Structure formats: structure tokens, C-alpha cells
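K.L.:
Please find one structure pasted underneath; my questions will follow.
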Amino acid sequence: MQYIPNILFIIVLVAGIGYFTKNIRKVIRNIKLGKDVDRSDNKSERFKNMAMIAMGQSKMVRRPVAGILHIVVYLGFIIINLEVLEIIIDGIFGTHRIFAFLGGLYDVLIASFEILAFLVFVGVVLFWIRRNVIKLKRFWNPEMKGWPKNDGNLILYFEMVLMALFLVMNASDLQLQALGADHYIKAGAYPISQFISPLFNGMSEGSLILLERGAWWLHILGILVFLNYLYFSKHLHILLAFPNTYYGDLKPKGELDNLEAVTKEVMLMMDPNADPFAAPAEDEAEGDPAKFGASDVMDLNWAQLLNAYTCTECGRCTSECPANQTGKKLSPRKIMMDTRDRLKEVGDNIDKNGSFVDDGKQLLNDYITPEELWACTSCNACVEACPVSISPLSIIIDMRRYLVMEESAAPSDLNNMMSNIENNGAPWPFNQMDRLNWNNE
């Protein structure tokens, strides 16, 4: 009978980690649906970006209030959960505070965890106030209704409860240490929970044990639930921010890549030995004629799909977007959210059918409208603002390429400009012979 809690703990632990692993494999599979792109260059610069942006939060602190609060919550939550290692060992072997043998170092660690837990709790409460009381505009855009809004609040409640359980666990443990209860050795320093502990004065030893064990179990179960909740939440960025910043595009902002399919077409046209009646080049993976641009998530590259999964929905991109500020429908955040939603839909389709079965939908039109795409000024403000190196612009450009080159669906002004360039060598409708007339005036 004495081993039942240990066996139960192992079952819960394995089930929690197993389910998380299963879902993360789905994420990796979905990202790999994208086209290949080489991001293996400049490893030192990539590691530097990951260290500075993902770990160091260098872009977060450009907005000091939110940035500092985020650093406290992020690092605090990660460091506090180092204690999970002790909880896991105690849960498996039936020990209690297995690392207490560290003595003074253990006291420093527990005291640090408590202070951080308190700071995380305060930071989360302030984040909740910013969202729900102050109601910052970027958290109330149209795309933030329904699940995105609930998700943002739910994660805050999660963190509040986990930090509260951690402090209650320590406060009741402190009471049991004072009572000399069997199994509860005197270990650790408790600068925060010592103020909570008096609330439990007068409770019997049995009741305190029940309280401490209840908080202990709920804390570890909460962490496992939180871990598996990430798959369904925007907070997957907690994990994906690191690879996303590593694999970020290192090209100067504003430098667009050349479409390989277009390059091949141009080279073919310039090759005097090429057969003008040859069949169009085919996509090696699909066996279909190469597509210009992107109309669905499978036409994007894997780095863009990683971007979509990494989006934090913070809205900094949208708040900086000049098109959005002037009332246009474009929201760079919505572009990323729509891409992720469509990618998840495709993934669910694969889970159901074994391979993707055409569902009559695509990212273009069903999720993102041409009106949104053409509102973009290509200014890169969204890319510069993103705290985790996401590029909504790259997706917008690829989808506009599809509209122009596959559907000939460019706006009339743009069509006129391209015709003028073709005929006159300039965007303006002037004959080439008249281009220098202004010089004679």
C-alpha cells in the first residue's frame, strides 16, 4: 500500500510527458509540410540571435513596462520549475525534499524560488489588469475575440494558481517542520510563505499533511497540464521562440528573395539551346508544374510555418503597422494567426485521413483576403517590432506573388504600373522619348 502513491505518480508523469511528446511530434510534422529553405548559414550569428532575443529578451524591453514584467514572469517561472526535478525524484522514490542535504545552498535556492514565485504572481496580476481593466487597444483587435482572448487570460490564471500552490505547499510544510512531524525534516528558507504559514495555525497535523500533500499533487499535476496545454495555446512560443530566433532570416530587412521558379523560367528564356516547346518544369516533390507564390500553407517554407506556430499574439506588429493605423483591414498578427489555424486544420486532416485530402479550402480567400494583402506597404515595421523574429511580411509577399503571377489578380493601378515598365521602362505612362522633357522647362 505504501508504494501506491509512487506508482500513481509514475503513471501520471509518463502519461503527461507521453501526451506532450505526441503533440510536439505533430507540430514538427506540420512544420515540415512547408517547402525546404536553407537556414544553416552563419551559425555563430544565429546562436547570438537566439541568446539575445529568445533568452535575453532584448526586443521585449523596447517597451520597458511590458518587457521587464515579461522577463520577471518568464525567467521566474522557468527557474522556479527547477524544483520540479526535486518533486519528480520525491514522487518516484517517496522521499521528501531530497536535496535538503545541500544545507545552506538549499536554503538559498528555496528562498530564491519563493521570492521569484511572488514576483511572478505580481507580474501576472499586472498583465491581467493590462488586458482586462486598462484594456490596451492591441489586445482588443477583432482577431482577439473568442478563443485568443480566453487563451490569453487562461494562461494567466494557470500561472497564478501554480504560484499560489507552490507557496501554500511551502507554508504548510513549514508548519509541519515546526511541529516535528515525521518525514518533514527542517530544511529550506521561506521568506514569503512564512507570512502565509500563520493562516494555518491551529490546524491538526493530519490536516496540515493533507493540505501540504494536496498542494504538492495539484502543483505537479498543474505543471503537467500546463505543459500539455501549450500545444493548444499561443504559449507554445515558450518553447519555439528558441528555434525560431535561431532560424530567423539574416538578410537585411527589405531584401526580397528571388523566386526560384521565376529564376529558372528566366534562365530558360535566355538559354539559346533550350527547347521553347518543352513541357513546364515540375515540382520535384509533387510532380506538378511549379507554382509561383503561395495560396496555401504547403506553398510556404518551413521557416514561415515555424513563425506561425511561434506567434505570441502580443500585437506589437499590428500596433506598429501603418496600414492598420490608418484603418485598413490588414493586421500582421492576424496573418500569423490565420496561417497557424490553417496549418492546424491541415494537420487535423492528415490525422484523420492518413494523408492530406483536399478539403476545398486554402489559406488565400478562406482565411486571408486579397484586401488584407494589398494593404501592406512592405515597410517591415511588423518584422522589426516582433520580439521573437517573426516575419508576417514574407508570407504576405509570397501570397501577393501568387495573386499576380498565377491569377493575374493584381490591383488595376499595379497592373498599369507593370504595363508601363514593360512598354516605357518606367512606372509612368510617358513615352521614353519624352522622359527628359522636364529638363527643357
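Only the coordinates and a few stated rules stand behind these numbers; no lab work does. The model shown is predicted, which means the values in this text are computed figures rather than measured ones. Positions of Cβ are backbone-derived with ideal geometry, glycine not excepted, and every protein chain shown enters the neighbour counts.
K.L.:
Can you tell me how the range 307-441 classifies by the Cα gyration tensor, rounded, prolate or oblate, using a/c under 1.5 as the rounded cut?
P.N.:
Oblate shape, in that a/c is at least 1.5 and b/c is the bigger or equal ratio.
K.L.:
In a Gaussian network model over the chain where Cα atoms closer than 10 Å are linked, find which of Arg340, Arg130, Arg401 has the largest mean-square fluctuation.
P.N.:
In this elastic network of the chain, the residue with the biggest mean-square fluctuation among Arg340, Arg130, Arg401 is Arg130.
K.L.:
Quick one: net charge around Leu256, please, counting Lys, Arg +1 and Asp, Glu -1 for every other residue with C-beta under 14 Å from its C-beta.
P.N.:
With Lys, Arg at +1 and Asp, Glu at -1, the neighbours total -1.
K.L.:
Pick out which of Phe226, Phe356, Phe118 has the largest mean-square fluctuation in a Gaussian network model of the chain, springs linking Cα atoms closer than 10 Å.
P.N.:
Phe356
K.L.:
Find the Rg to Rh ratio for the range 84-139, where Rh is the Kirkwood radius over alpha-carbon pairs and Rg uses the same atoms.
P.N.:
1.26
K.L.:
Same structure, new question: Alpha carbon centre of the range 191-259 versus the range 366-422: separation in Å?
P.N.:
Computed from Cα coordinates, the inter-centre distance equals 37 Å.
K.L.:
Arranged from highest to lowest average of other beta-carbon atoms within 10 Å per residue, in what order do the peptides 182-192, 50-60 appear?
P.N.:
50-60, 182-192
K.L.:
For the cross-link pairs Lys149/Lys352; Lys32/Lys328; Lys32/Lys149; Lys291/Lys344; Lys137/Lys352, which exceed 31 Å when the distance is taken from alpha carbon to alpha carbon?
P.N.:
Cα-Cα > 31 Å for Lys32/Lys328; Lys137/Lys352; rest within.
K.L.:
Okay, next question. Using only Cα atoms, find the angle between the long axis of helix 237-246 and the longest principal axis of the chain, and express it within 0 to 90 degrees, rounded to the nearest 10.
P.N.:
For 237-246 against the chain, the angle is about 50 degrees.
K.L.:
Mind jotting down the distance between the C-alpha centroids of the range 292-314 and the range 161-185, whole Å?
P.N.:
Taking the Cα centre of each part, the range 161-185 and the range 292-314 sit 47 Å apart.
K.L.:
Show the residues, 5+ positions off or on another chain, whose built amide H is closer than 5 Å to the amide H of Lys35.
P.N.:
Long-range HN contacts for Lys35: Leu300, Asn301, Trp302.
K.L.:
Can I ask one more? Tell me the relative contact order for the chain as a rounded percent, counting alpha carbon contacts under 8 Å between residues six or more apart.
P.N.:
18 percent
K.L.:
Also, I was wondering about something else. Strictly greater than 15 Å: what percent of every Cα pair in the range 182-259 meets that?
P.N.:
When every Cα pair of the range 182-259 is considered, 77 percent fall beyond 15 Å.
K.L.:
Can you quote the Å³ per residue value for the convex hull of the Cα atoms in the chain, rounded to an integer?
P.N.:
208 Å³
K.L.:
Excluding residues fewer than 8 places away in the same chain, name every one of the aspartates and glutamates whose C-alpha is closer than 19 Å to that of Lys251.
P.N.:
Answer for Lys251, where 19 Å is the Cα cut-off: Asp36, Asp38, Asp41, Glu45, Glu260, Glu384, Asp398, listed by chain and number.
K.L.:
Where does each of 64-77, 162-175 land if you order them by average Cβ count within 10 Å, highest first?
P.N.:
With the highest mean Cβ count within 10 Å placed first, the list reads 162-175, 64-77.
K.L.:
On to the next question. Any idea how far the Cα center of the range 67-98 sits from the one of the range 333-354, in Å?
P.N.:
The two parts, judged by their Cα centres, are 33 Å apart.
K.L.:
Turning to a different aspect of this structure: If you project the alpha carbons of the range 52-170 onto the principal axes, what extent comes out on each, in Å, largest first?
P.N.:
53, 30, 21
K.L.:
In whole Å and largest first, what semi-axes does the C-alpha gyration tensor of the range 126-168 yield when each eigenvalue is scaled by 5 and square-rooted?
P.N.:
24, 12, 5
K.L.:
So how tilted is helix 205-229 from the main axis of the chain? Cα-based, degrees 0 to 90, rounded to 10.
P.N.:
10 degrees
K.L.:
Let me ask something else. Let a ≥ b ≥ c be the square roots of the eigenvalues of the Cα gyration tensor of the range 146-290; is it rounded (a/c under 1.5), or, if not, prolate (a/b larger than b/c) or oblate?
P.N.:
Here the range 146-290 falls in the prolate category.
K.L.:
Another question, if that's okay. For Lys43, list the aspartates and glutamates whose Cα falls under 15 Å from its own Cα; do not include residues on the same chain fewer than 8 positions away.
P.N.:
Asp249
K.L.:
Highest mean first, how do 317-328, 382-393, 147-158 rank when packing is the count of other Cβ atoms within 10 Å averaged over residues?
P.N.:
So the peptides 317-328, 382-393, 147-158, ranked by packing, come out 382-393, 317-328, 147-158.
K.L.:
Using the Cα gyration tensor of the range 1-83, with a ≥ b ≥ c the square roots of its eigenvalues, what is the shape: rounded (a/c below 1.5), prolate (a/b larger than b/c) or oblate (neither)?
P.N.:
oblate
K.L.:
Then there's this: List the cysteines of the chain that have no other Cys Cβ closer than 4.7 Å: which are they?
P.N.:
By the Cβ distance rule, which asks for a partner under 4.7 Å, the isolated cysteines are Cys311, Cys314, Cys321, Cys376, Cys379, Cys386.
K.L.:
Within a Cβ distance under 15 Å of Leu162, other residues only, what is the Lys/Arg minus Asp/Glu net charge?
P.N.:
Combined, the nearby Lys, Arg, Asp and Glu give -3.
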